[in-house]
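Please read the structure below before turning to the comments.
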Amino acid sequence: MEEKPKCPSCESKKTEKDHEKGEVVCKKCGLVLTDTVIDEGPEWRAFTSEEREKKQRTGSALNHSRIDKNLSTEIDQFNRDARGTKLKMETRNRIGGLRRWHKKLIYTDSKARNLSVALGQLKRMISSLRLPRSVQEETAKLYREVLDKGLVKGRVIEEVLVATLYIVCRKRGIPRTLKELSEYAGSGASEKAIGRTYRMLKEEMNIDVPLPDPVEFVPKYGAKLDLSGTVQERAKRILEKAREQKLISGKGPTGAAAAALYLSAKIEGEKKTQKEVSEAANVTEVTIRNRYRELKENIDLDEIE
């Protein structure tokens, strides 16, 4: 997996590419890390699909979400020759047999069959969770590396798949909890088993996974609770202050984000019940009460405007 550069100023790994200016910028402090980003796109322009197809000198890009990575050839289903004429019945039957054998040859070994199941499950999960296509591609690539290293053997496919997806979400700063992802894993995998697999993959694959940031969960829960942008921004500042005072170190990020939103909503007059907040964040009301009390008693709220 491609490692993102670390900002030398604030040590954040949250960076983004500005393709117009050719720069890599830190999203947290705004420092320009490099101003010589290489444009990997084509040097030509095309305004129609026909023109684009004519100018292309290579095939489609590698697609790790497909078992063949888009590298194999396929016998199409049109049953027509190069001139567009329909094939005779005898020829169609012969082509149909070749097509079936071609599909069988793709799944000749256990690794290919494992990939077939895993990639199908991954596509379903990405669709259900409404995650971007790039997350599916990166997860598929990581799963292939795990499979090549023999770490899937003896484990439930869904457990390894969800663990790899969780790693990718953490590295990209996508606010998804292990509990949330495990709900889409099917009955064959439990949250506890997925957690064990996740820790094993981190160690065996030597992957540096950043700690979850409670601030990342604020927009998600704020949208669920229909809270204003003012409430959400104040909640973020409360969490930043809590981080400075080490009030949320070792605490669950979802509970901290929910408590900050609950406190901020009360200050701004957009009151929500603890039950509403707990349902949106999928944490207990007891957790919200404990985090809320800690934030209210230890943070000078007058300083946060």
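The values are calculated or read from the model by the stated rules, or taken from the named source; none is laboratory data. Because the structure is predicted, anything quoted here is derived from the model rather than measured. Quick reminder, even Gly has a Cβ in these numbers, built from the backbone with ideal geometry, and neighbours come from all protein chains shown.
Can you find a residue in segment 262-276 that is in contact (Cβ under 8 Å) with a residue 24 or more places away in the chain and closer than 19 Å to residue 174 by Cβ? No, segment 262-276 contains no residue that is in contact (Cβ under 8 Å) with a residue 24 or more places away in the chain and closer than 19 Å to residue 174 by Cβ. With the condition kept exactly as written, say whether any residue in segment 226-245 is under 24 Å from the mean Cα position of the chain (by Cα), within 30 Å of residue 159 (Cα to Cα) and not assigned by TED's automatic domain parsing to the domain that holds residue 130. Looking through segment 226-245, none of the residues is under 24 Å from the mean Cα position of the chain (by Cα), within 30 Å of residue 159 (Cα to Cα) and not assigned by TED's automatic domain parsing to the domain that holds residue 130.
Scanning segment 244-259 for residues that are touching a residue at least 24 places away in the same chain (Cβ under 8 Å) and within 18 Å of residue 288 (Cβ to Cβ) gives 247, 248, 251, 252, 253, 254, 255, 256, 257, 258, 259. For residue 151, the requirement of being of a type outside the set (Gly, Ala, Ser), modelled with pLDDT under 90 and more than 27 Å from residue 12 (Cα to Cα) is not met.
Total residues in segment 277-289 satisfying the condition of being touching a residue at least 24 places away in the same chain (Cβ under 8 Å) and closer than 12 Å to residue 252 by Cβ: the figure is 5. If I ask for residues that are farther than 19 Å from residue 170 by Cβ and either under 9 Å from the mean Cα position of the chain (by Cα) or without any contact (Cβ under 8 Å) to a residue 12 or more places away in the chain (or both), which ones from segment 125-147 would you list? If the condition is that a residue be farther than 19 Å from residue 170 by Cβ and either under 9 Å from the mean Cα position of the chain (by Cα) or without any contact (Cβ under 8 Å) to a residue 12 or more places away in the chain (or both), then 127 is the only one that fits. All conditions but one from (1) within 30 Å of residue 146 (Cα to Cα); (2) crowded, with 20+ Cβ neighbours inside 10 Å apply to residue 210; the one that does not is (2). For segment 110-157, filtering for residues that are surrounded by 13 or more Cβ atoms within 10 Å (Cβ to Cβ) and outside any helix (DSSP H, G or I) leaves 5. A single member of 198, 221 is surrounded by 15 or more Cβ atoms within 10 Å (Cβ to Cβ) and out of contact with any Phe, Trp or Tyr (no Cβ under 9 Å at 6 or more places or on another chain), and it is 221.
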